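Here it is: the structure, laid out below.
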Amino acid sequence: MDKLKMHSLNKVDENIKKIGAQFPNCITERKNQQGEVEYAIDFDLLKQELSSVIVEGREERYQFTWPDKKKSILLANAPIAKTLRPCREESVDFDDTENLYIEGDNLEVLKLLQETYLGKVKMIYIDPPYNTGNDFVYEDDFAQNTSEYLENSGQFDDEGNRLIKNMETNGRFHTDWLNMIYPRLKLARDLLTDDGVIFISIDDNEIDNLKKICDEVFGTSNFISNIIWKRKRGRDNSARWFSKAHEYCLLYAKNKNLFVINFLKLDEETKKAYKNPDNDPRGSYRMLGCWARGTQGGVSYDFTSKNGQYFQKRLWLFSKENLIKLDQDNKLVFKGNNIYRKMFINENKGKIPETLWDDVSNAANASDEIKKIFDDIIFDTPKPTPYIKRMIDIAVSKADIVLDFFSGSSTTAHAVMQLNAEDGGNRKFIMVQLPESTDEKSEAYKAGYKNICEIGKERIRRAGNKIAQENPQAKFDKGFRVLKCDSSNMKEVYYNPAEYNTDLLDALIDNIKADRTPEDLLFQVMLDLGVLLSSDIKQTSIAGKTVFNVADNFLMACFDTDINEEVITAIAKQKPYYFVMRDSSLENDSVATNFEQIFTTYSPETKRKVL
């Protein structure tokens, strides 16, 4: 049986494989620090493959860089020995929901999701710190080498701090922010479907730098739009120069050629323009011009309608063949020397989105939303639900996954549930948030919310119930599974031979930490094998042993000890794609001897693995 690796994907290894697939001559070997042979890239050969003139030394070239950029790339690529532990007591409808709420450092969580959600997320929305000089930024330690990072990643300091204020007096003001956002965006891109997109809210402080980073990570050719959101509903006359009324939202695609934007629904005011004065059985329509004017271009020809009306040569918006077809289909209206075509309301696929969004609520209304849900404004900078709904509307189909890894008060989850209730969709959300402590003087702390995650989870609970009350006939998923980022379930063993004694050897017989439950182990296995964390999980008992069945026999697992042949046989007969158990958990040597034979008999295709 194969041993599960139980750590996140090593992006360096994956990148080497990708380069090797394109340039096999650039793959070489070297010895690592442990003296083991490993694959590596011959960068001199790779440079030659990518350029007719080798770029070397300090030649001037177009690039966007900053201090520690290379270390931030290393940070994105380095694997971590972490896991996600389920928390049933804080979840809603744990066994039936397909939504996830994940607590933890989003860099670590993005690493853990790399295999399971690779290419599966249709839309990402993030509202990261804006770097105003008072915002908190994630304190990733770029002074660490790789091994130190693997040991310390995700650990809090002695006072429990993970966030620092990025003050303008800091000489690394922009650098720290860039090093924070860059590795997260690199990891996020891999989670997107080929036709997926990312929306990123930002203001003037980092808009220029963020766009350069996105150009590098997603490619300049995949830039779609810089949306301007009118966030303020009034004028601030106390402003020194201008009353700042807007923020930005950058929109990038993973592959712009594959992304198909959804048109917005016609509003009631637009629908009023559609009329039916001649009682056309095809319904209401608008009359649109047929002649080209100004910069519209056009095709020059003369035209005679089927009723014999002649029009001298002029510039038309359509080819002559198309104009004749419109005439034959009775879609032309003649008024004197003018021709109009009918566009029926059922032919209108909607409104193409504009870059100025001044009709999707504002920051003040977002605060009002929070107040209605919690009876107080317990979160300072929420986004309004209509704003996020607009993004989902134009980018997501009814069964797609939406990810927000700076989820804050969980507006994105609220928007997903609201849309599902309105149109019967089955969109799924994944919220990721660091459990950042609330200020002891804040309204949130006074109301009993000790960290941001508590606010986000409670908002989803309350918003889900409110939507259900307002839409009693609607069927939508208002639940969510809570998962918490934690150290690996496996014991860490760092002892010199001289330190071993009998008690220590007894303790090492079981390689799993004593405080971890079978469900903890199951979710780490799901991460390792790339099984969606929202998959259906059934728990049964076979001969007194607890057996998990995930995604209808895709994965079966038993983490009990003293497993006998009856259990193994019953599992093998169900023909799972994967079967996982603890190492050396079989009842005796006889069962171990017969294990492979049992699976060979009943389910030879099953992949058997151990922790």
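The values are calculated or read from the model by the stated rules, or taken from the named source; none is laboratory data. No experiment lies behind these values; they were computed from the predicted model shown. Here the Cβ positions follow ideal geometry from the backbone for every residue, glycine too, while neighbour counts run over all protein chains shown.
This table checks each residue for (1) of a type in the set (A, V, I, L, M); (2) closer than 16 Å to Asp95 by Cα; (3) surrounded by fewer than 19 Cβ atoms within 10 Å (Cβ to Cβ).
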| residue | (1), (2), (3) |
| --- | --- |
| Gln524 | no, no, no |
| Ser535 | no, yes, yes |
| Gln539 | no, yes, yes |
| Gly544 | no, no, yes |
| Val550 | yes, yes, no |
| Met556 | yes, no, no |
| Phe559 | no, no, no |
| Lys575 | no, no, yes |
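Just give me the residues in the stretch 14-28 being closer than 20 Å to Ala78 by Cα and touching a residue at least 24 places away in the same chain (Cβ under 8 Å), in sequence order.
Within the stretch 14-28, Asn15, Ile16, Ile19 qualify.
Quick check, is Ala364 of a type outside the set (S, T, N, Q), exposed (fewer than 15 other Cβ atoms within 10 Å of the Cβ), touching a residue at least 12 places away in the same chain (Cβ under 8 Å) and assigned by TED's automatic domain parsing to the domain that holds Leu192?
For Ala364, the condition - of a type outside the set (S, T, N, Q), exposed (fewer than 15 other Cβ atoms within 10 Å of the Cβ), touching a residue at least 12 places away in the same chain (Cβ under 8 Å) and assigned by TED's automatic domain parsing to the domain that holds Leu192 - is met.
Whether any residue in the stretch 253-276 is part of a strand (DSSP E or B) and closer than 30 Å to Ile124 by Cα is what I want to check.
Yes; the residues of the stretch 253-276 include at least one that is part of a strand (DSSP E or B) and closer than 30 Å to Ile124 by Cα.
Across the stretch 582-594, what is the number of residues that are touching a Lys or Arg at 6+ places or on another chain (Cβ under 8 Å) and buried (at least 16 other Cβ atoms within 10 Å of the Cβ)?
Residues that pass the stated criteria total 0.
Is there a residue being assigned by TED's automatic domain parsing to the domain that holds Gly219, closer than 21 Å to Pro353 by Cβ, in contact (Cβ under 8 Å) with a residue 60 or more places away in the chain and among the charged types (D, E, K, R) anywhere in the stretch 243-252?
no
Additional query: Run Asp135 past the list (1) more than 25 Å from Ser361 (Cα to Cα); (2) at pLDDT below 95; (3) of a type in the set (D, E, K, R) and report the number of the one that doesn't hold.
It is condition (1) that Asp135 fails.
Within 42 Å of the chain's Cα centre (by Cα), in a loop (DSSP other than H, G, I, E, B) and either at negative phi or not assigned by TED's automatic domain parsing to the domain that holds Gly283 (or both), is that true of Asp376?
Here the answer is yes, as Asp376 does meet what is asked.
A further question follows. Right, Thr193: among the hydroxyl-bearing types (Ser, Thr, Tyr), at pLDDT 95 or above and under 28 Å from Ser397 (Cβ atoms) or not?
In short, yes.
A further question on this structure: Among the residues of the stretch 277-310, what is the count of those that are assigned to a strand (DSSP E or B), hydrophobic (A, V, I, L, M, F, W, C) and in contact (Cβ under 8 Å) with a residue 40 or more places away in the chain?
3
So, one more: Tally time: how many residues in the stretch 567-581 are in contact with a Lys or Arg (Cβ under 9 Å, 6 or more places away or on another chain) and farther than 21 Å from Glu519 by Cα?
Residues meeting the conditions: 0.
In the stretch 182-229, how many residues are in a strand (DSSP E or B) and of a type in the set (A, V, I, L, M)?
Qualifying residue count, the stretch 182-229: 8.
Check whether at least one residue in the stretch 222-235 is at pLDDT 90 or above and within 25 Å of Leu74 (Cβ to Cβ), and report yes or no.
yes
Results for (1) aliphatic (A, V, I, L, M); (2) touching a helix residue (DSSP H, G or I) at 6+ places or on another chain (Cβ under 6 Å); (3) in contact (Cβ under 8 Å) with a residue 60 or more places away in the chain, shown as yes or no for each residue.
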site	(1), (2), (3)
Asp393	no, no, yes
Leu403	yes, no, yes
His414	no, yes, no
Arg427	no, yes, no
Val432	yes, yes, yes
Lys450	no, no, no
Ile460	yes, yes, yes
Ala468	yes, no, no
Pro472	no, no, no
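Based on this model, can you work out whether Ala399 counts as part of a loop (DSSP other than H, G, I, E, B), in contact (Cβ under 8 Å) with a residue 24 or more places away in the chain and of a type outside the set (D, E, K, R)?
It is true that Ala399 is part of a loop (DSSP other than H, G, I, E, B), in contact (Cβ under 8 Å) with a residue 24 or more places away in the chain and of a type outside the set (D, E, K, R).
For Leu113, indicate whether it is closer than 21 Å to Val217 by Cβ and either β-branched (Val, Ile, Thr) or at pLDDT 95 or above (or both).
Taking the combined requirement at face value, the residue satisfies it.
State which residue pairs qualify: first residue more than 12 Å from Met526 (Cβ to Cβ) and inside the stretch 537-557, second residue among the basic types (Lys, Arg) in any location, beta carbons under 8 Å apart, and separation of 6 or more residues or different chains.
Qualifying pairs under 8 Å: Asn549/Lys538; Asn553/Lys575.
Something else: Every residue in the stretch 315-365 that is farther than 30 Å from Asp203 by Cα, in contact with a helix residue (DSSP H, G or I) (Cβ under 9 Å, 6 or more places away or on another chain) and not in a loop (DSSP other than H, G, I, E, B), please.
Within the stretch 315-365, Trp316, Leu332, Ile339, Arg341, Lys342, Ile345 meet the criteria.
Quick grid of which residues meet (1) surrounded by fewer than 20 Cβ atoms within 10 Å (Cβ to Cβ); (2) farther than 30 Å from Asp194 by Cα:
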site: Gly336; (1), (2): yes, yes
site: Ile339; (1), (2): no, yes
site: Ile352; (1), (2): yes, no
site: Asp375; (1), (2): yes, yes
site: Phe379; (1), (2): no, yes
site: Glu422; (1), (2): yes, no
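If the requirement is being in the same structural domain as Thr412 (by TED's automatic domain parsing), surrounded by 15 or more Cβ atoms within 10 Å (Cβ to Cβ) and under 18 Å from the mean Cα position of the chain (by Cα), which of these qualifies: Lys256, Lys211, Lys230?
Lys256
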